[in-house]
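Engineer: A single structure is presented below for examination.
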Amino acid sequence: MSELPEIRIGTADREKALDALSLHFSEGRLTVPEFDERSATIASATTRGELDTVFVDLPAASTPPHTPARPEQSPAPAETGGIDWRAVVMPLVIFGSLALFFLTDFDNKWLFFLLIPLAGALLSAGGHSKSPKKKKKER
């Protein structure tokens, strides 16, 4: 069923239209003043027909706007079936450093606090050591 031009639109529709307009702008189809004018029209649009007039002379969007890729993160514990030891060890290191600071009779107690960034560096480096393995083709 085709959408009627009199149908009212919501914020999500306006955001989709602005994303599509931004894509056209980034591909060089619009000048800055055209983009500004059309963005204002989209922001004040209340019906589907008002949005459609903004895109009359533009081709259909070829690809969705590119969003920056998020850095690869280690799988969640539910995916691996185990405990995320980094999330367990780090708080233990922090509380252990505090305990050593207050309970020992060492002249340079402040050195115990160096365990915190050291543990953080070791734990975060451990998660990034995996490198993608290339499969060899058998002949």
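The values are calculated or read from the model by the stated rules, or taken from the named source; none is laboratory data. If you're wondering where the values come from, they're calculated on a predicted model, not measured in any experiment. So basically every Cβ, Gly included, is an ideal-geometry build from the backbone, and we count neighbours across all protein chains shown.
Engineer: Across the stretch 19-34, what is the total count of residues that are assigned to a helix (DSSP H, G or I) and either crowded, with 17+ Cβ neighbours inside 10 Å or in contact with a Cys (Cβ under 6 Å, 6 or more places away or on another chain) (or both)?
Structural biologist: 5
Engineer: Filter the stretch 35-61 down to the residues that are part of a loop (DSSP other than H, G, I, E, B), in contact with a helix residue (DSSP H, G or I) (Cβ under 8 Å, 6 or more places away or on another chain) and over 15 Å from Ile9 (Cβ atoms) and list them by number.
Structural biologist: Correct list: Leu58, Ala61.
Engineer: Right, here's the next one. Go through (1) loosely packed, with under 14 Cβ neighbours inside 10 Å; (2) outside any helix (DSSP H, G or I); (3) at pLDDT below 90 one by one and return the number of the condition Ala87 breaks.
Structural biologist: Failing condition for Ala87: (2).
Engineer: Please work out which residue is surrounded by the most Cβ atoms within 10 Å (Cβ to Cβ), limiting yourself to the stretch 1-18 and to residues that are of a type in the set (Asp, Glu) and assigned to a helix (DSSP H, G or I).
Structural biologist: The qualifying residue surrounded by the most Cβ atoms within 10 Å (Cβ to Cβ) is Asp13.
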